[in-house]
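For reference, the structure discussed in these notes is given below.
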Amino acid sequence: SKLAALFEHPLYNIPVPEVTEKDKLFIINPMEKFSLHSSGSDEWVSSSKAETLLPTGKTAYDTYPTWLKFHIGINRYELYPRRDPLLPMLLRDLATQRIVSSGTTSLPVPLFTPLPCCLLPASLIPSLLSVQKSGGTQLKLIMTFPNYGQALFKPMKQTRDQETPIDFFYFSDFERHNAEIAAFHLDRILDFRRIPPVSGRLVNITKEIRDITTDKKLAKTFFISPAGNVCFYGECSYYCSTEHALCGKPDRLEGSMAALLPDKTLAKRRSWRSPWRRSYHKSKKAEWELNPNYCAQVRETPPYDRGHRLLDLIDMTILDFLMGNMDRHHYETFEKFGNDTFLLHLDNGRGFGTHSRDEPSILAPLQQCCSIKKSTYLRLQLLATQPYRLSDVLREALAADPLAPILAEPHLRALDRRLGKVLVAVGHCLAR
C-alpha cells in the first residue's frame, strides 16, 4: 500500500502542538453519558431505536455516536487527527446509516441529558430535520440519521468523464458530487485535514427523499420522466428547473454525503473573504489580476500581517490548483480560536471539472507572495516521487469509496502534471 507507506513517512508524523483545554472546540466530561429524554413522541422513539445509543457494559464516552466524537475531537490545530480511528466508522455511517427525515418542518426530538456548566449543552443535538439547504446556486439536502447525526447530500449532476465546457464561466459551473469526495481524500493526502469527512452514497429518491420529506416546496418538484425515472429539482439560484432535474435509474441516485460541522449556535464560525477572490463578473477583473505587487498590500492587512494565516491560504491555493477549483471566494475559521487556527476548506464541488487544461491564475497567491510552508513544500516534493506518486495514492484512497471509481483516469494524471507546475512555481521563487 503506497498510501499506508506515505502516512508512515516522517513528514506525516510531525507532531502538532500540545492540545490544552482552551485549544479544544468543546470541553466535555468523559464520564457523562449520552442519554436521551423522550420527546413524548412514541413514533420517533420507536423509529430512532434510541435504546441502541446506551449499550450496557461500555464506558460513557463509548456511548457517544461517531459524529459527536468527531465534533468533540476538533481542536485549534486540526479538524481530525492523522491516525483517527473514528474516520473509517464515520465514513461508513455516512454511506450506510438509515435516513430518517427529509423536510423543513421541525419535529419534536429527544435531547441530551443536561450536562454541567461549560460542557456540551443540550442543544448540541440538532433539531430532527433533513432539509433542502437554503442558499447556494445548486440543490443540496441535509439528511438526518437515527443517532441525530446529519450530513450534506450533493446529488450527481454529471458523469465522471464529462468536462466543464470551455465557454462556461467558473461561477456557472456544475457542482460535482465526486469532486467533494475526491477533495476530502486529496486534502488528507496533503496532510491539511481541513475538509470534513465525505463519503459517496447511492440514495433511493423515492424512499429516502420523496416519501419522508416534510418540505412542501421540495415535494412539489418530484415527477416521473418520460423514461419512467423518478426526478426532482428543488429550489436554488441556478440549476433548479425541470430542464436541470435530477433523475434516478429508475429511482437510485449517486451523491456525496459530507459530515456536517457543529451547529453555528454552538461553535461559531467566521467567514473571511479571500483576498484573491475573483470578480464574479463576465468582463471585470479583480485587483490581484491587474496588480503584480498585490501581495505587498495583503501582507500589511490583518490577519495576514502576522502568524501563519497567509501560509494557510497558500496551502488552500495549492489544493485548489491541483483540483482546478476557481470558485474559492470565502473560507471559514472557528471563532473560538481567533486568528491562530486552521482554515476550513469547504464547498469543493467545482473542482475536478477539467483535466485537459490547467488554470494558472489559481496559483496567484503562491506566485505573487513567493511564500510556502516548508512542510507543505517537502510533502509536495515527496508526492512527486515514484514511491508515493500523488495520482497513485489518491487512486488507492478513492478505491475504498462505495461509488468507486470516483475520478476518471485523466483527472488523476492531471494531478501529477499540476503538482509539477506547483514545484516549478516554487523553484522560480527560490531562484529569485
Would a scan of the stretch 321-329 turn up a residue that is in contact (Cβ under 8 Å) with a residue 12 or more places away in the chain, within 24 Å of K268 (Cβ to Cβ) and out of contact with any helix residue (DSSP H, G or I) (no Cβ under 7 Å at 6 or more places or on another chain)? yes
Restricting the search to the stretch 286-315, which residues are out of contact with any helix residue (DSSP H, G or I) (no Cβ under 8 Å at 6 or more places or on another chain), acidic (D, E) and surrounded by fewer than 17 Cβ atoms within 10 Å (Cβ to Cβ)? E300
Check S283 against each of (1) touching a His at 6+ places or on another chain (Cβ under 9 Å); (2) at pLDDT below 95 and name the one condition it does not meet. (1)
Residue count for the stretch 251-273, restricted to those that are outside any strand (DSSP E or B) and surrounded by 15 or more Cβ atoms within 10 Å (Cβ to Cβ): 7
In the stretch 316-331, what residues are open to solvent by 30 Å² or more (accessible area, probe 1.4 Å) and closer than 21 Å to R76 by Cα? H330
L310 - would you say it is in a helix (DSSP H, G or I), hydrophobic (A, V, I, L, M, F, W, C) and more than 23 Å from D358 (Cα to Cα)? yes
Filter the stretch 23-46 down to the residues that are more than 25 Å from the chain's Cα centre (by Cα) and outside any loop (DSSP other than H, G, I, E, B), then identify the one that is modelled with the highest pLDDT. L36
Kindly indicate which of A245, A267, A227, A219 is within 30 Å of L343 (Cα to Cα) and of a type in the set (A, V, I, L, M, F, W, C). A267
Within the stretch 48-105, track down each residue that is modelled with pLDDT under 95, of a type in the set (V, I, T) and either loosely packed, with under 15 Cβ neighbours inside 10 Å or outside any helix (DSSP H, G or I) (or both). T52, T56, T59, I99, V100, T104, T105
In this structure, is F334 touching a strand residue (DSSP E or B) at 6+ places or on another chain (Cβ under 7 Å), closer than 30 Å to G255 by Cβ and crowded, with 19+ Cβ neighbours inside 10 Å? yes
Tally, over the stretch 208-250, of residues that are assigned to a loop (DSSP other than H, G, I, E, B), touching a strand residue (DSSP E or B) at 6+ places or on another chain (Cβ under 6 Å) and in contact (Cβ under 8 Å) with a residue 40 or more places away in the chain: 4
Across the stretch 223-248, what is the number of residues that are within 13 Å of T206 (Cβ to Cβ) and either β-branched (V, I, T) or surrounded by fewer than 13 Cβ atoms within 10 Å (Cβ to Cβ) (or both)? 3
Suppose we keep only residues that are under 29 Å from P88 (Cα atoms) and hydrophobic (A, V, I, L, M, F, W, C) within the stretch 191-222. Which one would you say is farthest from the chain's Cα centre (by Cα)? I212
Before we move on, is R193 touching a Leu at 6+ places or on another chain (Cβ under 8 Å), in a loop (DSSP other than H, G, I, E, B), modelled with pLDDT of 90 or more and of a type outside the set (V, I, T)? yes
In the stretch 322-338, anything among the hydrophobic types (A, V, I, L, M, F, W, C) and either out of contact with any Leu (no Cβ under 9 Å at 6 or more places or on another chain) or over 26 Å from D173 (Cα atoms) (or both) is listed as M326, F334, F337
Considering (1) more than 28 Å from I406 (Cα to Cα); (2) in a loop (DSSP other than H, G, I, E, B); (3) open to solvent by 70 Å² or more (accessible area, probe 1.4 Å), say which one W276 fails and leave the rest. (3)
Return the only residue of L139, L186 being touching a helix residue (DSSP H, G or I) at 6+ places or on another chain (Cβ under 8 Å) and either in a loop (DSSP other than H, G, I, E, B) or crowded, with 22+ Cβ neighbours inside 10 Å (or both). L186
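The values are calculated or read from the model by the stated rules, or taken from the named source; none is laboratory data. This structure is a prediction, so every number in the text was calculated from the model and none was measured. Ideal geometry is used to build each Cβ from the backbone, glycine not excepted, and the neighbour counts take in all protein chains shown. The accessibility values were calculated without ligands, DNA or RNA, using every heavy atom of the protein model including side chains. Shrake-Rupley method; radii C 1.70, N 1.55, O 1.52, S 1.80 Å.
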